[in-house]
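Single-structure report; data block below.
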Amino acid sequence: YGIPAYRLPRDILVKEIEEIKNLGVEIKCNIRVGRDISFEEIKKRFDYVFLAPGVSKSQKMGIEGENMQGILGGIEFLRDFNLHEKTWLRKEK
């Protein structure tokens, strides 16, 4: 959700992902190492591995007012905005 469509159009993103997959790259998403697969199993099954852990929740800054109603962290704001949820920039859903 972090890169807006005007910076990386979704059709281009899909095309580039397909090009990578056509090179023989296997892409696995939403896998938790240690729960869904062990690191030992990863080392056995794959010659090369690129791990890209993401953050699903913004970090608190420890400043006054950050817990007030209507205050969103960056990740939550980007998620809501890119999923066309109601935000202060977009009143209608």
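Using 19 Å as the cut-off for backbone N distance, which residues of the stretch 1-44 belong to the label zone defined by a point 7 Å from the Cα of residue 76 along Cα→Cβ?
Only 1-3 fall inside the zone, counting backbone N under 19 Å.
Give me the distance in nm between label points sitting 7 Å out from Cα along the Cα-to-Cβ direction at residue 36 and residue 14, one decimal.
2.2 nm
Can you give the angle from 0 to 90° between the axis of helix 10-22 and the longest principal axis of the chain, with both taken from C-alpha atoms, to the nearest 10?
Its long axis makes an angle of about 20 degrees.
From the helices alone, meaning DSSP H stretches of at least four residues, give me the mean residue ellipticity at 222 nm for the chain, per-run term -39500 (n - 2.57), in deg cm²/dmol to the nearest 500.
-9000 deg cm²/dmol
Tell me, rounded to the nearest percent, the portion of alpha carbon pairs in the chain spaced more than 17 Å apart.
Counting pairs separated by more than 17 Å, the tail of P(r) holds 68 percent.
Round to a whole angstrom and tell me the spacing of the C-alpha centers of the stretch 47-64 and the stretch 1-41.
Going from one Cα centre to the other spans 16 Å.
Coordinate-derived values only; no laboratory data. Here the structure is a predicted model, which is why all the values come from computation and not from measurement. With ideal geometry, Cβ positions are generated from the backbone for all residues, glycine too; neighbour counts draw on all protein chains shown.
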